[in-house]
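Comments concern the structure below.
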Amino acid sequence: MQIMWDAFYDQFVVKGGYRNVLEGLRNTIIIAILGLLIGIVIGTLVACVQVAGKRSKVARGFAVVGDVYTGLFRGTPIIVQLLIFHYIIFSAISIDGLVEAVIVFGLNSGAYVSEIMRGGILSVDVGQLEAGRTLGLSYPATMLRIVFPQAVKNVIPTLGNELIALTKDTSVAGYVATMDLTRAFRLIATANYEFMIPYLMLALTYLVIILIMTFVVRMVERRLRKSERR
Amino acid sequence: MKDAEQKSLCPEAEKAQLPQKRVQTEKVSAPKFAKSEKTPVEPTDPNAMLEVQHLTKRFGQLVVLDDISEKIVQGEKVAIIGPSGSGKSTFLRCLNVLEDPTDGYVFFEGNNLCDLKVDINIQRRRMGMVFQQFNLFNNMNVLKNITLAPVHVGLQDLRKIKRKNFFTKISNLFRGKNKKRALLPVETTAKEIRENAVNNAMRLLERIGLADKASAYPSTLSGGQRQRIAIVRALAMNPKVMLFDEPTSALDPEMVGEVLELIKELADEGMTMVIVTHEMGFAREVATRVMFMDGGKIVEQGPPSEVFGAPKNERLKDFLSKVL
């Protein structure tokens with residue numbers, strides 16, 4: 001046991017492994033949160049055109065594009081997407097690994113968020129839309145002022161789920177040109193082949209990050225639900 | 001929701017059968033229309049507030065409304081009764097094109113609501129609607145529920161005027177001294193619109209005795225309170241006509257009274273209204289005209305004393321014997 005700790009201490013502190021870990025931690029959080037934000041923006045747009053596509057020909061065209069996008073990004077593993085973006089699409093231009101990872105994770109989560117958002121919008125009673133329309137509000141105005149705020153409230157728990165899944169998915173970002181938590185600890189572990197402590201520490205770190213995220217999501221949800229009795 | 005603006009009204013197949021009417025498809029635009037032989041449809045009676053001509057609604061094969069032509073003049077209180085599935089609600093929803101008619105036209109104060117060139121949102125501002133399920137906005141408190149539409153519409157108009165003035169100013173720069181165009185007058189400010197809306201909402205809330213609930217959320221209110229607020233929300237737009245879609249059907253028997261009381265008050269003030277209802281006593285008391293619908297047609301109509309007192313139609317007799 002003592003040997004394991006010594007080996008870990010040697011790599012983590014003396015050889016400066018903690019710098020990698022800190023950078024990895026920062027990157028993991030940046031990729032997860034920025035990725036989700038990009039995902040929410042893309043996903044919301046796609047969901048909107050898909051919902052509006054039922055009643056407008058213009059939106060229907062965009063909805064088809066959205067369907068193709070969702071199909072492509074949900075149908076392939078994220079690591080394959082990372083590899084394709086790294087070695088094919090971004091191979092000609094030099095681009096920071098972190099930016100690349102944020103883009104890929106954003107696009108990937110956008111595909112999932114679009115379905116979450118669509119479900120959220122459809123979960124709002126049609127009566128709400130009808131009530132807005134009968135008061136003389138236009139379709140976009142009703143959607144924006146009445147349906148959308150309620151939809152967002154409904155999807156917060158699912159979006160929290162998506163954030164957690166995304167955070168864990170970032171563990172593959174280390175395969176292409178960026179430092180992340182998993183890669184940082186893997187470097188420590190493989191330096192002297194003492195796996196136990198680094199990997200258990202790695203698991204613990206993810207667990208703590210995700211517990212904090214869960215807590216934050218709960219707080220946000222509670223704030224938004226103040227208009228309800230549940 | 002299917003919306004009238006986006007949909008064609010008459011399938012092409014109808015063209016041959018109904019040559020006297022204008023067939024409106026999505027692609028009919030102003031010049032094309034002028035070229036065609038057919039004259040624009042017009043309401044037969046310019047004084048009618050609401051008029052429907054040959055209103056037909058089909059859901060697939062099911063005919064819900066079967067070629068209804070009807071007029072409702074200002075000040076009338078029309079109660080629509082009938083068995084479920086007879087098309088009462090659909091008829092009411094067609095009156096403000098919440099349901100787009102398969103065929104036929106709806107006129108509101110001479111404006112053809114089925115015409116894609118008519119801005120339906122502007123017309124709907126003057127038609128209030130109250131739903132069976134209240135449909136208060138769950139994410140807003142009571143005051144916000146009532147002020148949302150007046151403020152939104154007011155600000156929209158204000159912005160429109162300001163935008164127009166802005167372009168007029170720019171084009172005025174290039175005009176001669178005597179050729180300057182006048183600016184549209186800007187009468188209110190955004191702040192004033194908001195204040196007026198809030199004052200008006202509080203006045204209405206006080207009238208129904210719910211001023212203390214202004215900051216409550218709909219989910220904390222009883223059904224009767226919610227429905228009265230829904231009525232007040234529609235009133236905040238100063239509508240010319242109110243459409244009630246079974247306003248008391250989702251309420252506890254205890255709360256029906258307070259809602260009917262408010263509707264009766266409105267009726268006494270001279271509001272034009274169309275009420276789909278199962279409250280026969282109420283229909284008899286308030287309505288100036290009762291329509292009995294069955295199978296998508298208005299089978300019998302007349303003053304309440306006649307419809308309830310001396311029904312002629314067999315189906316109506318049967319219906320009344322069951323519900324009275």
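Name the aspartates and glutamates eligible as straight-distance cross-link partners of B:Lys191: C-alpha to C-alpha under 15 Å, and not fewer than 8 places from it in the same chain.
B:Asp157
Normalised by the empirical 2.2 N^0.38 Å for globular proteins, what value does the Cα Rg of the stretch B:51-113 take? Walk me through the intermediate numbers first.
On the way: Rg = 11.4 Å, N = 63, 2.2 N^0.38 = 10.6 Å.
Expressed relative to 2.2 N^0.38 Å, the Cα Rg reads 1.08.
Provide the net charge surrounding B:Leu205, with neighbours chosen by a C-beta distance below 9 Å and charges set as Lys +1, Arg +1, Asp -1, Glu -1. The partial results should precede the final answer.
Working: positive: B:Arg203, B:Arg207, B:Lys213; negative: B:Glu206, B:Asp212.
Neighbour charge sum, excluding B:Leu205 itself: +1.
Take B:Val73 and A:Arg26, extend 7 Å from each Cα along the Cα→Cβ direction, and tell me the distance between the two endpoints in nm.
So the two model labels end up 8.1 nm from each other.
State, to one decimal in nm², a quarter of the convex hull surface area for the C-alpha atoms of the protein assembly as shown, i.e. the direction-averaged projected area. Intermediate values should be presented prior to the final figure.
Working: hull surface 152.2 nm².
Taking a quarter of the hull surface, the average projection is 38.0 nm².
Relative to the longest principal axis of the C-alpha atoms of chain A, give the angle of the C-alpha long axis of helix A:181-192, reported between 0 and 90° and rounded to the nearest 10°.
20
Once label points are set 7 Å from the Cα along Cα→Cβ at both A:Leu224 and B:Ser249, what is their separation, rounded to one decimal in nm?
Calculated label separation equals 3.3 nm.
Once neighbouring chains are kept in place and the probe is 1.4 Å, which whole percent of the accessible area of the stretch B:189-261 is contributed by carbon and sulfur? Can you show the working numbers first?
Values: 1460 of 3180 Å².
Looking at the stretch B:189-261 in its full context, I get 46 percent from C and S.
Cα extents of the stretch B:149-297 along the three principal axes, largest first, in whole Å?
Extents along the principal axes: 70, 42, 26 Å.
Add -39500 (n - 2.57) for each DSSP H run of 4 or more in the protein assembly as shown, then divide by its residues: what number comes out at 222 nm, to the nearest 500 deg cm²/dmol?
On the way: 21 runs with 298 residues, N = 554.
Computed mean residue ellipticity for the protein assembly as shown: -17500 deg cm²/dmol.
Pull up the DSSP beta bridges for chain B and report the antiparallel fraction as a percent, rounded to 5.
Values: 20 of 37 bridges.
So the antiparallel bridges amount to about 55 percent of the total.
Working from the pairwise distances between different alpha carbons, so that the mean of 1/r is found and then inverted, what is the stretch A:79-194's Kirkwood radius in Å? Mind dumping the intermediate values first?
Working: mean 1/r = 0.0583 Å⁻¹.
When all Cα pairs of the stretch A:79-194 are included, the Kirkwood radius is 17.1 Å.
Under a cut-off of 20 Å between alpha-carbon atoms, report the aspartates and glutamates in cross-link reach of B:Lys71, not counting same-chain residues fewer than 8 places apart.
Straight-distance partners of B:Lys71: B:Glu42, B:Asp45, B:Glu51, B:Glu99, B:Asp100, B:Asp103, B:Glu109, B:Asp115, B:Asp245, B:Asp294, B:Glu300, B:Glu306.
Note down the net charge around A:Val13, summing +1 for each Lys or Arg and -1 for each Asp or Glu among other residues with Cβ under 15 Å from its Cβ.
Details: positive: A:Lys15, A:Arg19; negative: A:Asp6, A:Asp10, A:Glu194.
Local charge sum for A:Val13: -1.
Where Rh denotes the Kirkwood radius from the mean inverse Cα pair distance, what is Rg over Rh for the stretch A:2-229? Intermediate values should be presented prior to the final figure.
Numbers: Rg = 21.4 Å, Rh = 19.7 Å.
Reported Rg/Rh, Kirkwood definition of Rh: 1.09.
Please calculate how many Å² of accessible area chain B carries per residue, with a 1.4 Å probe and no DNA, RNA or ligand atoms counted.
Numbers: 15500 Å² over 324 residues.
Value for chain B: 48 Å² per residue.
To the nearest 100 Å², how much accessible surface do chains B and A cover up together, summed over both, with a 1.4 Å probe? The partial results should precede the final answer.
Details: alone 16720 and 13120 Å², together 27270 Å².
When B and A are taken together, about 2600 Å² of accessible area is lost.
Using Stokes-Einstein with the Kirkwood hydrodynamic radius over Cα pairs, what translational diffusion coefficient do you get for chain B at 37 °C and a viscosity of 0.692 mPa s, in µm²/s rounded to a whole number? Kindly include the intermediate steps, with their values, before the conclusion.
Values: Rh = 21.9 Å.
This corresponds to a translational diffusion coefficient of 150 µm²/s.
Carbon and sulfur atoms: what percent of the 1.4 Å accessible area of the stretch A:2-229 do they account for?
On the way: 7940 of 11410 Å².
Carbon and sulfur: 70 percent of the exposed surface of the stretch A:2-229.
Gap in Å between the Cα centre of the stretch A:166-230 and the Cα centre of the stretch A:130-145?
Spelled out, the Cα-based centre of one part sits 41 Å from the other.
The values are calculated or read from the model by the stated rules, or taken from the named source; none is laboratory data. Keep in mind that what you see is a predicted model, and the values were worked out from it rather than measured. In this analysis, Cβ positions are derived from the backbone assuming ideal geometry, glycine residues included, and neighbour counts consider all displayed protein chains. When the accessible area is computed, the model is the full protein with side chains, heavy atoms only, and any ligands, DNA or RNA have been set aside. Shrake-Rupley method; radii C 1.70, N 1.55, O 1.52, S 1.80 Å.
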